[in-house]
1. If you scan the stretch 1-21, which residues turn out to be surrounded by fewer than 16 Cβ atoms within 10 Å (Cβ to Cβ) and either touching a strand residue (DSSP E or B) at 6+ places or on another chain (Cβ under 6 Å) or touching a residue at least 60 places away in the same chain (Cβ under 8 Å) (or both)?
2. Would you point out which residue out of 63, 51, 93, 46 is over 10 Å from the mean Cα position of the chain (by Cα) and not assigned by TED's automatic domain parsing to the domain that holds residue 128?
3. Taking the stretch 19-41 on its own, how many of its residues are farther than 22 Å from residue 125 by Cβ and in a loop (DSSP other than H, G, I, E, B)?
4. Do we have residue 113 as in contact with a strand residue (DSSP E or B) (Cβ under 7 Å, 6 or more places away or on another chain), assigned by TED's automatic domain parsing to the domain that holds residue 45 and surrounded by fewer than 17 Cβ atoms within 10 Å (Cβ to Cβ) here?
5. Tell me which of these residue 122 doesn't satisfy, since it passes every other one: (1) buried (at least 19 other Cβ atoms within 10 Å of the Cβ); (2) outside the structural domain of residue 82 (by TED's automatic domain parsing).
6. Identify the residue in the stretch 69-84 that is assigned to a loop (DSSP other than H, G, I, E, B) and in contact with a strand residue (DSSP E or B) (Cβ under 8 Å, 6 or more places away or on another chain) and, among all such residues, is modelled with the lowest pLDDT.
C-alpha cells in the first residue's frame, strides 16, 4: 500500500488508489473507484462507485462525489461542494443506470458549497465561485458565480482574474503568462 488511509476511513473492494494519496477521517471510498497519485481526500468525503479522480486532485471536507463524475488532474473541490447525478430524482422511482456524466477538466476549481448539476462539464482551469449552482457547461478559464451560475469573467491557470486590453490580451499577475480572448474563448499564448 503506497497511500495513506486514516483508520476511520472505509475503502471498499476493487478500488485503485495511487501512490502518495491521503484519505482522511470518516471518508468512504466505494467500490470500483479510481483515484490517482498524490490526491488528498479530506474528512467525511463520500466517493461513490466508479468515480474517477486524476492525479493531484484535492477534495476538501464534506464533499460528495457521485457515480458519473470524472475529475481530471489538478482539480480542486472545495469544502462541502456536491455533484448530482440524476436530473429528476424521486425517492419512489429507481433511476440507477440513468446517471448523467459530469467531466471536470484539468486544473478546474470548484468553491465551497457549490453544486454541480449533473450533465454539465467544467472546462480546463475554470473557477466556480463559492455557493454557485452550475446548471450549464462552463467554458475553460471561465469565472462563474451565483444561483444559477453566470459567467462574470476569466481566470488564469494560477487563479487570478484576467483583465483583457484593447488587443484582447491579458497577463496573469502571478505567473506573467499571457492569455488571449478570441471569439468568446480564452487560451494561453
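The values are calculated or read from the model by the stated rules, or taken from the named source; none is laboratory data. As the structure is a prediction and not an experimental result, all values here were calculated from the model. Here Cβ is always computed from backbone atoms with ideal geometry, including for glycine, and neighbour counts include all displayed protein chains.
1. Applying the first criterion (surrounded by fewer than 16 Cβ atoms within 10 Å (Cβ to Cβ)) to the stretch 1-21 yields 1-2, 4, 6-8, 10, 12-14, 16, 19-20.
Passing the criteria: 4, 10, 16.
2. 93
3. Looking only at that region, the number is 11.
4. No, not satisfied.
5. Residue 122 satisfies every listed condition except (2).
6. As a first pass, look at the stretch 69-84 and keep what is assigned to a loop (DSSP other than H, G, I, E, B): 72-75, 78-81, 84.
Narrowing the set further to residues that are in contact with a strand residue (DSSP E or B) (Cβ under 8 Å, 6 or more places away or on another chain) leaves 72, 75, 78, 81, 84.
Numbers: 72: 98, 75: 98, 78: 98, 81: 98, 84: 94.
Of everything passing the filter in the stretch 69-84, 84 is modelled with the lowest pLDDT.
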